[in-house]
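Worksheet: the structure to be examined is printed underneath.
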Amino acid sequence: MPRRCRAVEPSNSIIAVYPQTCGPPVKFFLDNWFLFAAALVSGGLLVWPLLSKGTGGSSKVTPAEAVRLINREKAVLIDVSEPAEYAAGHASGSRSVPLAQIEASNELPKNKALPLVVVCPTGTRAARAVAALKKAGFENAQALAGGLAAWREANLPVEKTA
């Protein structure tokens, strides 16, 4: 049984003051749990983008953003597909640097400040390549979200090598 606080009766009031339970505000929390849940969910949604970028997750760009980077900031397209995949179809103007050779390739630009847009067929290898490139000092490396499939969906030029 909860402890009761002593109620002080006002001397000239018709409203009676009833005793309240003493202790932590557990009843308030239980009565308003949905407000606390909504606050936690909205706070989590606000913090999520900061956490996903800060955990080393590679940044991704859409095909439209990649074209903007290429046109305005002289970004270099790097295709990390295997040679057979690259020959079957690649983004126009991209350089072939297979993922296994990414660290020792001569195809990478000498200027490490240039933005790099890394492409692969689906976008999964590109994310691993971006991590390796950032480790090598290319801080402006970004993966193409959706890979070559997204590039094709955006009706951007694709070349085939004989």
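No lab work stands behind these numbers, since they all come straight from the coordinates. Please read these numbers as outputs of a predicted model, since none were measured by experiment. Virtual Cβ from ideal backbone geometry, glycine too; neighbours counted across all protein chains shown.
Data table
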read-out: Those lysines that a straight Cα-Cα span of less than 20 Å connects to LYS60, excepting residues fewer than 8 apart in one chain; value: LYS74, LYS112, LYS134, LYS135
read-out: Sparse-neighbourhood loop sites, GluC sites (Glu not before Pro) in region 28-108 - DSSP loop, at most 14 other Cβ within 10 angstrom; value: GLU107
read-out: Proximal aspartates and glutamates relative to LYS160, as straight alpha-carbon distance under 17 Å, when same-chain residues fewer than 8 apart are discounted; value: ASP79, GLU82, GLU85
read-out: Average silhouette area of region 60-159, convex hull of alpha-carbon atoms, in square nanometres; value: 5.3
